[in-house]
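Notes follow the structure.
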Amino acid sequence: MTIEATVEPIDILVVGGGPTAIAIGAEARRAGLRPLLVEKGPLLSSLLRFPRDMTFFTTRERLEIAGIPFAIPDAKPTRRQAVAYYHSVARVYNLPLALHERVVDIRPGDEELLVTSQSSGGERQRRAPAVALATGYFDSPRLLGVPGEDLDQVHHRFVEPYGHFSEPVVVVGGGNSAVEAAMELWRGGAQVTLVHRGAEVKPGVKYWLKPDFENRVAEGSLQARFRTVVVQFEEDGLRVKGPGKPDHLRAAATYVLIGYEPDVTLLRSAGVEVDADSLVPAFDAETCESNVPGLYVAGTLQAGKDTNRIFIENSRVHSRRIIAHLKARLR
(Lines give C-alpha, C1' and ligand atoms only; values in the text may rest on other atoms or scores of the structure.)
Protein backbone atom coordinates (compact mmCIF):
# COMPACT_ATOMS: atom_id res chain seq x y z
CA MET A 1 0.00 0.00 0.00
CA THR A 2 1.34 3.41 -0.98
CA ILE A 3 0.49 6.40 1.20
CA GLU A 4 0.75 9.91 -0.21
CA ALA A 5 2.47 11.76 2.61
CA THR A 6 0.36 14.44 4.27
CA VAL A 7 3.05 16.74 5.60
CA GLU A 8 3.90 20.39 5.24
CA PRO A 9 5.16 21.41 1.78
CA ILE A 10 8.81 20.51 1.18
CA ASP A 11 11.28 22.72 -0.67
CA ILE A 12 14.11 20.18 -0.51
CA LEU A 13 14.04 16.54 0.53
CA VAL A 14 17.43 15.34 1.76
CA VAL A 15 18.18 11.63 1.52
CA GLY A 16 20.53 10.79 4.39
CA GLY A 17 21.01 11.64 8.03
CA GLY A 18 24.74 12.28 8.41
CA PRO A 19 26.63 15.55 8.95
CA THR A 20 26.32 16.54 5.27
CA ALA A 21 22.56 15.96 5.28
CA ILE A 22 22.18 17.91 8.53
CA ALA A 23 24.24 20.76 7.04
CA ILE A 24 21.93 20.92 3.99
CA GLY A 25 18.84 20.94 6.19
CA ALA A 26 20.26 23.65 8.45
CA GLU A 27 21.31 25.84 5.50
CA ALA A 28 17.80 25.44 4.07
CA ARG A 29 16.33 26.65 7.35
CA ARG A 30 18.70 29.62 7.39
CA ALA A 31 17.53 30.52 3.88
CA GLY A 32 13.86 30.33 4.84
CA LEU A 33 13.27 27.08 2.96
CA ARG A 34 11.46 23.98 4.17
CA PRO A 35 13.65 20.84 4.33
CA LEU A 36 12.91 17.25 5.24
CA LEU A 37 15.61 14.68 6.03
CA VAL A 38 14.73 11.07 5.21
CA GLU A 39 17.12 8.54 6.75
CA LYS A 40 16.91 4.74 6.62
CA GLY A 41 18.17 4.41 10.20
CA PRO A 42 18.63 6.71 13.19
CA LEU A 43 20.07 10.17 12.75
CA LEU A 44 23.86 9.92 12.31
CA SER A 45 23.64 6.17 11.76
CA SER A 46 27.11 6.09 10.15
CA LEU A 47 28.78 7.95 13.02
CA LEU A 48 27.05 5.68 15.49
CA ARG A 49 28.85 2.73 13.89
CA PHE A 50 32.31 4.31 14.05
CA PRO A 51 34.68 2.87 16.68
CA ARG A 52 33.41 4.10 20.05
CA ASP A 53 36.75 5.56 21.12
CA MET A 54 37.67 7.09 17.76
CA THR A 55 39.30 10.52 17.60
CA PHE A 56 38.81 12.56 14.43
CA PHE A 57 41.84 13.34 12.28
CA THR A 58 40.73 16.93 11.75
CA THR A 59 40.24 19.74 14.25
CA ARG A 60 36.90 20.81 15.70
CA GLU A 61 36.51 24.10 13.79
CA ARG A 62 36.72 22.27 10.44
CA LEU A 63 33.81 20.05 11.44
CA GLU A 64 31.50 22.97 12.23
CA ILE A 65 28.37 23.47 10.12
CA ALA A 66 25.58 26.03 9.81
CA GLY A 67 27.27 28.67 11.96
CA ILE A 68 27.09 26.61 15.17
CA PRO A 69 30.41 26.58 17.10
CA PHE A 70 31.84 23.20 18.04
CA ALA A 71 32.47 24.34 21.60
CA ILE A 72 34.79 21.81 23.23
CA PRO A 73 38.23 22.36 24.79
CA ASP A 74 39.85 19.52 22.81
CA ALA A 75 41.46 20.28 19.46
CA LYS A 76 40.35 16.99 17.90
CA PRO A 77 36.86 15.77 18.74
CA THR A 78 35.97 12.22 19.67
CA ARG A 79 33.15 10.30 18.01
CA ARG A 80 30.99 10.87 21.10
CA GLN A 81 31.56 14.63 20.99
CA ALA A 82 30.80 14.73 17.25
CA VAL A 83 27.51 12.87 17.72
CA ALA A 84 26.47 15.32 20.46
CA TYR A 85 27.48 18.31 18.29
CA TYR A 86 25.57 17.28 15.16
CA HIS A 87 22.53 16.33 17.25
CA SER A 88 22.63 19.84 18.71
CA VAL A 89 22.70 21.40 15.21
CA ALA A 90 19.63 19.38 14.24
CA ARG A 91 17.95 20.52 17.46
CA VAL A 92 18.86 24.21 17.06
CA TYR A 93 17.38 24.32 13.55
CA ASN A 94 14.47 22.06 14.49
CA LEU A 95 15.06 19.93 11.41
CA PRO A 96 12.09 17.84 10.26
CA LEU A 97 13.14 14.20 10.24
CA ALA A 98 11.68 11.03 8.79
CA LEU A 99 13.81 8.34 10.41
CA HIS A 100 13.91 4.60 9.74
CA GLU A 101 12.58 5.18 6.23
CA ARG A 102 14.54 3.88 3.25
CA VAL A 103 14.22 5.87 0.00
CA VAL A 104 13.75 3.30 -2.76
CA ASP A 105 12.87 5.42 -5.79
CA ILE A 106 13.20 8.97 -7.12
CA ARG A 107 11.20 9.88 -10.21
CA PRO A 108 11.87 13.21 -11.95
CA GLY A 109 8.85 15.17 -13.15
CA ASP A 110 8.23 18.45 -14.94
CA GLU A 111 8.52 20.65 -11.85
CA GLU A 112 8.83 18.23 -8.93
CA LEU A 113 10.50 14.96 -8.04
CA LEU A 114 8.48 12.07 -6.64
CA VAL A 115 10.26 10.26 -3.81
CA THR A 116 9.13 6.85 -2.62
CA SER A 117 10.28 5.47 0.72
CA GLN A 118 9.57 2.36 2.73
CA SER A 119 9.34 1.80 6.47
CA SER A 120 7.62 -0.54 8.90
CA GLY A 121 4.47 1.51 8.32
CA GLY A 122 4.46 0.77 4.59
CA GLU A 123 5.35 2.70 1.47
CA ARG A 124 5.18 6.50 1.37
CA GLN A 125 5.44 9.07 -1.40
CA ARG A 126 6.45 12.71 -1.17
CA ARG A 127 6.89 15.44 -3.76
CA ALA A 128 9.49 18.20 -3.70
CA PRO A 129 11.02 20.60 -6.23
CA ALA A 130 14.48 19.47 -5.13
CA VAL A 131 16.15 16.37 -3.71
CA ALA A 132 19.68 16.16 -2.31
CA LEU A 133 21.38 12.78 -2.07
CA ALA A 134 23.82 12.71 0.86
CA THR A 135 23.95 9.01 1.63
CA GLY A 136 27.73 8.57 1.99
CA TYR A 137 29.34 5.17 1.61
CA PHE A 138 29.57 3.59 5.07
CA ASP A 139 26.96 0.93 4.31
CA SER A 140 29.06 -0.65 1.54
CA PRO A 141 32.35 -2.02 2.89
CA ARG A 142 34.83 -3.35 0.35
CA LEU A 143 35.16 -7.11 0.29
CA LEU A 144 38.21 -9.23 -0.42
CA GLY A 145 36.15 -11.67 -2.46
CA VAL A 146 37.89 -14.79 -1.13
CA PRO A 147 36.30 -18.03 0.12
CA GLY A 148 34.95 -17.95 3.67
CA GLU A 149 34.49 -14.19 3.89
CA ASP A 150 30.87 -14.73 4.96
CA LEU A 151 31.85 -16.71 8.08
CA ASP A 152 30.52 -15.31 11.38
CA GLN A 153 33.98 -14.51 12.75
CA VAL A 154 34.85 -12.28 9.76
CA HIS A 155 33.79 -8.67 10.30
CA HIS A 156 33.90 -5.59 8.07
CA ARG A 157 33.29 -3.02 10.77
CA PHE A 158 35.13 -2.48 14.07
CA VAL A 159 33.38 -0.93 17.07
CA GLU A 160 35.29 -1.83 20.24
CA PRO A 161 37.99 -4.29 21.37
CA TYR A 162 36.75 -5.53 24.72
CA GLY A 163 35.23 -8.81 23.59
CA HIS A 164 38.60 -10.09 22.38
CA PHE A 165 40.70 -10.06 25.56
CA SER A 166 43.46 -12.73 25.31
CA GLU A 167 42.20 -13.91 21.91
CA PRO A 168 44.19 -14.01 18.66
CA VAL A 169 42.71 -11.43 16.25
CA VAL A 170 43.76 -10.56 12.70
CA VAL A 171 43.19 -7.14 11.14
CA VAL A 172 43.36 -6.91 7.34
CA GLY A 173 44.22 -3.50 5.88
CA GLY A 174 46.82 -0.76 6.03
CA GLY A 175 44.88 2.49 6.40
CA ASN A 176 43.60 4.48 9.35
CA SER A 177 40.71 2.15 10.18
CA ALA A 178 42.87 -0.96 10.20
CA VAL A 179 45.79 0.52 12.14
CA GLU A 180 43.53 2.18 14.68
CA ALA A 181 41.59 -1.05 15.20
CA ALA A 182 44.82 -3.01 15.61
CA MET A 183 46.07 -0.61 18.27
CA GLU A 184 42.78 -0.61 20.17
CA LEU A 185 42.59 -4.40 20.06
CA TRP A 186 46.14 -4.70 21.37
CA ARG A 187 45.48 -2.22 24.18
CA GLY A 188 42.28 -4.14 24.92
CA GLY A 189 44.31 -7.28 25.57
CA ALA A 190 44.04 -9.10 22.23
CA GLN A 191 46.91 -10.86 20.45
CA VAL A 192 46.96 -8.88 17.21
CA THR A 193 48.37 -9.52 13.76
CA LEU A 194 47.92 -6.97 11.00
CA VAL A 195 47.95 -8.26 7.41
CA HIS A 196 48.50 -5.79 4.57
CA ARG A 197 49.33 -6.27 0.92
CA GLY A 198 51.62 -3.21 0.88
CA ALA A 199 55.22 -2.96 2.06
CA GLU A 200 54.15 -0.80 5.03
CA VAL A 201 51.05 0.91 6.36
CA LYS A 202 49.71 3.71 4.21
CA PRO A 203 51.43 7.10 4.48
CA GLY A 204 48.09 8.81 5.21
CA VAL A 205 47.70 7.06 8.57
CA LYS A 206 47.17 9.63 11.35
CA TYR A 207 50.48 11.22 12.25
CA TRP A 208 50.17 10.41 15.96
CA LEU A 209 49.07 6.84 15.25
CA LYS A 210 51.63 5.64 12.71
CA PRO A 211 54.78 5.89 14.89
CA ASP A 212 52.93 4.35 17.83
CA PHE A 213 51.98 1.36 15.67
CA GLU A 214 55.46 1.01 14.20
CA ASN A 215 57.04 1.11 17.65
CA ARG A 216 54.70 -1.61 18.92
CA VAL A 217 55.61 -3.79 15.94
CA ALA A 218 59.32 -3.15 16.47
CA GLU A 219 59.16 -4.21 20.11
CA GLY A 220 57.13 -7.33 19.25
CA SER A 221 53.89 -6.34 20.96
CA LEU A 222 52.07 -6.49 17.63
CA GLN A 223 52.72 -8.69 14.62
CA ALA A 224 52.62 -7.24 11.10
CA ARG A 225 52.61 -9.29 7.89
CA PHE A 226 53.36 -6.98 4.95
CA ARG A 227 53.29 -7.86 1.25
CA THR A 228 50.75 -10.48 2.29
CA VAL A 229 47.26 -11.26 0.99
CA VAL A 230 44.41 -13.36 2.33
CA VAL A 231 43.78 -16.57 0.37
CA GLN A 232 40.92 -18.07 2.37
CA PHE A 233 39.03 -17.72 5.67
CA GLU A 234 38.48 -20.82 7.78
CA GLU A 235 36.66 -21.63 11.01
CA ASP A 236 39.82 -21.31 13.12
CA GLY A 237 41.53 -18.47 11.25
CA LEU A 238 42.71 -17.68 7.74
CA ARG A 239 45.24 -18.67 5.13
CA VAL A 240 47.56 -15.99 3.80
CA LYS A 241 50.22 -15.78 1.14
CA GLY A 242 53.23 -13.52 1.35
CA PRO A 243 57.00 -13.72 1.25
CA GLY A 244 57.77 -17.41 1.47
CA LYS A 245 55.22 -20.21 1.49
CA PRO A 246 51.47 -19.85 2.24
CA ASP A 247 50.73 -19.76 5.95
CA HIS A 248 47.82 -20.27 8.34
CA LEU A 249 47.06 -17.64 10.97
CA ARG A 250 44.96 -18.67 13.94
CA ALA A 251 42.24 -16.15 14.76
CA ALA A 252 39.11 -16.02 16.91
CA ALA A 253 38.04 -13.04 14.81
CA THR A 254 39.21 -11.22 11.70
CA TYR A 255 38.45 -7.61 10.85
CA VAL A 256 38.64 -6.79 7.14
CA LEU A 257 39.00 -2.99 7.12
CA ILE A 258 39.98 -2.06 3.57
CA GLY A 259 37.60 0.81 2.88
CA TYR A 260 34.18 1.39 1.38
CA GLU A 261 32.46 2.02 -1.93
CA PRO A 262 29.35 4.12 -2.54
CA ASP A 263 26.06 2.51 -3.48
CA VAL A 264 25.01 4.29 -6.69
CA THR A 265 21.86 2.24 -7.30
CA LEU A 266 19.52 5.07 -6.34
CA LEU A 267 21.50 7.59 -8.39
CA ARG A 268 21.30 5.48 -11.52
CA SER A 269 17.64 4.60 -11.11
CA ALA A 270 16.86 8.33 -10.84
CA GLY A 271 18.60 8.98 -14.16
CA VAL A 272 21.90 10.36 -12.87
CA GLU A 273 24.83 9.52 -15.14
CA VAL A 274 27.47 7.57 -13.19
CA ASP A 275 30.91 6.72 -14.55
CA ALA A 276 31.19 2.94 -14.73
CA ASP A 277 34.82 2.81 -13.56
CA SER A 278 35.13 5.55 -10.96
CA LEU A 279 31.46 5.62 -9.83
CA VAL A 280 31.64 9.43 -9.92
CA PRO A 281 28.20 10.87 -10.73
CA ALA A 282 27.65 13.71 -13.18
CA PHE A 283 27.23 17.01 -11.31
CA ASP A 284 28.04 20.69 -11.57
CA ALA A 285 30.85 21.53 -9.15
CA GLU A 286 29.49 25.04 -8.54
CA THR A 287 25.92 24.00 -7.72
CA CYS A 288 26.18 20.25 -6.93
CA GLU A 289 23.21 19.69 -9.26
CA SER A 290 23.36 16.45 -11.24
CA ASN A 291 22.33 16.02 -14.87
CA VAL A 292 18.78 15.52 -13.52
CA PRO A 293 17.31 19.00 -12.84
CA GLY A 294 16.56 19.52 -9.16
CA LEU A 295 18.51 16.45 -8.05
CA TYR A 296 21.68 17.33 -6.12
CA VAL A 297 24.64 15.17 -5.09
CA ALA A 298 26.45 16.04 -1.86
CA GLY A 299 29.23 14.80 0.39
CA THR A 300 31.35 11.76 -0.30
CA LEU A 301 29.02 10.56 -3.07
CA GLN A 302 30.73 13.12 -5.31
CA ALA A 303 34.04 11.23 -4.99
CA GLY A 304 32.85 7.85 -6.25
CA LYS A 305 35.31 5.09 -5.36
CA ASP A 306 37.92 7.61 -4.22
CA THR A 307 36.40 7.80 -0.74
CA ASN A 308 39.55 9.30 0.80
CA ARG A 309 39.14 12.50 -1.21
CA ILE A 310 36.06 14.04 0.41
CA PHE A 311 35.42 14.35 4.13
CA ILE A 312 33.14 16.43 6.37
CA GLU A 313 35.63 19.28 6.47
CA ASN A 314 35.86 19.75 2.69
CA SER A 315 32.24 18.97 1.87
CA ARG A 316 30.64 21.52 4.21
CA VAL A 317 30.52 23.95 1.30
CA HIS A 318 28.18 21.61 -0.62
CA SER A 319 25.24 22.62 1.56
CA ARG A 320 25.75 26.31 0.85
CA ARG A 321 26.12 25.73 -2.89
CA ILE A 322 22.99 23.60 -3.06
CA ILE A 323 20.79 25.97 -1.08
CA ALA A 324 22.05 29.08 -2.92
CA HIS A 325 21.25 27.46 -6.27
CA LEU A 326 17.89 26.17 -5.12
CA LYS A 327 16.83 29.48 -3.58
CA ALA A 328 17.65 31.34 -6.80
CA ARG A 329 15.72 28.76 -8.79
CA LEU A 330 12.64 28.90 -6.57
CA ARG A 331 12.57 32.67 -6.85
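The values are calculated or read from the model by the stated rules, or taken from the named source; none is laboratory data. If you're wondering where the values come from, they're calculated on a predicted model, not measured in any experiment. Every residue, glycine among them, receives a Cβ derived from its backbone with ideal geometry; neighbour counts consider all protein chains shown.
Which residue, of 8, 4, 61, is acidic (Asp, Glu), closer than 22 Å to residue 330 by Cβ and at pLDDT below 95? Being acidic (Asp, Glu), closer than 22 Å to residue 330 by Cβ and at pLDDT below 95 holds for just one of 8, 4, 61, which is 8. Number of residues in the stretch 63-111 that are more than 19 Å from residue 23 (Cβ to Cβ), touching a residue at least 40 places away in the same chain (Cβ under 8 Å) and charged (D, E, K, R): the value is 4. Scanning the stretch 235-285 for residues that are small (Gly, Ala, Ser), assigned to a loop (DSSP other than H, G, I, E, B) and within 30 Å of residue 297 (Cβ to Cβ) yields 259, 270, 271, 276, 278, 282, 285. Is it the case that residue 290 is touching an Asp or Glu at 6+ places or on another chain (Cβ under 6 Å), polar (S, T, N, Q) and at pLDDT 95 or above? Criteria not met by residue 290.
Residues in the stretch 40-99 that are among the charged types (D, E, K, R), closer than 30 Å to residue 185 by Cα and part of a loop (DSSP other than H, G, I, E, B): 49, 52, 53, 74, 76. Counting only residues that are of a type in the set (Asp, Glu), within 14 Å of residue 51 (Cβ to Cβ) and in a loop (DSSP other than H, G, I, E, B), the stretch 156-194 holds 1 of them. Per the conditions (1) surrounded by fewer than 24 Cβ atoms within 10 Å (Cβ to Cβ); (2) touching a Phe, Trp or Tyr at 6+ places or on another chain (Cβ under 8 Å), the sole criterion not satisfied by residue 25 is (1). Of the numbered conditions (1) surrounded by 15 or more Cβ atoms within 10 Å (Cβ to Cβ); (2) of a type outside the set (Ser, Thr, Tyr); (3) without any contact (Cβ under 8 Å) to a residue 12 or more places away in the chain, residue 150 satisfies every one except a single condition; which is it? Result: residue 150 fails condition (1) only. Residue-level analysis places residue 66 outside the set of residues that are farther than 23 Å from residue 318 by Cβ and either surrounded by 14 or more Cβ atoms within 10 Å (Cβ to Cβ) or of a type outside the set (Phe, Trp, Tyr) (or both).
Scanning the stretch 201-226 for residues that are in a loop (DSSP other than H, G, I, E, B), at pLDDT 95 or above and out of contact with any Lys or Arg (no Cβ under 9 Å at 6 or more places or on another chain) yields a count of 3.
Give the stretch 286-297 a look and list any residue that's not in a strand (DSSP E or B) and not hydrophobic (A, V, I, L, M, F, W, C), or say none.
Passing the criteria: 286, 287, 291, 293, 294.
Sub-9 Å Cβ pairs linking a first residue in the stretch 263-277 that is more than 17 Å from residue 134 (Cβ to Cβ) and touching a residue at least 60 places away in the same chain (Cβ under 8 Å) to a second residue that is in a loop (DSSP other than H, G, I, E, B) and of a type outside the set (D, E, K, R), at least 6 apart or interchain, are 271/291; 271/292, ordered by first then second residue. In this entry, residue 82 is excluded by the filter for residues that are surrounded by fewer than 16 Cβ atoms within 10 Å (Cβ to Cβ), more than 28 Å from residue 325 (Cα to Cα) and assigned by TED's automatic domain parsing to the domain that holds residue 299.
Restricting attention to the stretch 194-228, which residues are among the hydroxyl-bearing types (Ser, Thr, Tyr) and loosely packed, with under 12 Cβ neighbours inside 10 Å?
Scanning the stretch 194-228 gives a single hit, 207.
Exactly one residue out of 177, 120, 166, 140 is without any contact (Cβ under 8 Å) to a residue 40 or more places away in the chain, under 30 Å from residue 202 (Cα atoms) and either buried (at least 20 other Cβ atoms within 10 Å of the Cβ) or of a type in the set (S, T, N, Q) (or both): that is 166.
Would you mind finding the one in 75, 66 that is aliphatic (A, V, I, L, M) and over 23 Å from residue 297 (Cβ atoms)?
Details: 66 fails: over 23 Å from residue 297 (Cβ atoms).
Answer to the selection: 75.
Take residue 115 and decide whether it is in contact with a strand residue (DSSP E or B) (Cβ under 6 Å, 6 or more places away or on another chain) and either surrounded by 15 or more Cβ atoms within 10 Å (Cβ to Cβ) or more than 28 Å from residue 257 (Cα to Cα) (or both). Here the answer is yes, as residue 115 does meet what is asked. One residue alone among 234, 273, 219 is of a type outside the set (Val, Ile, Thr) and either touching a Ser or Thr at 6+ places or on another chain (Cβ under 7 Å) or assigned by TED's automatic domain parsing to the domain that holds residue 56 (or both), and that residue is 273. Just one of the listed residues (300, 254) is within 30 Å of residue 59 (Cα to Cα) and either modelled with pLDDT of 95 or more or crowded, with 16+ Cβ neighbours inside 10 Å (or both), and it is 300.
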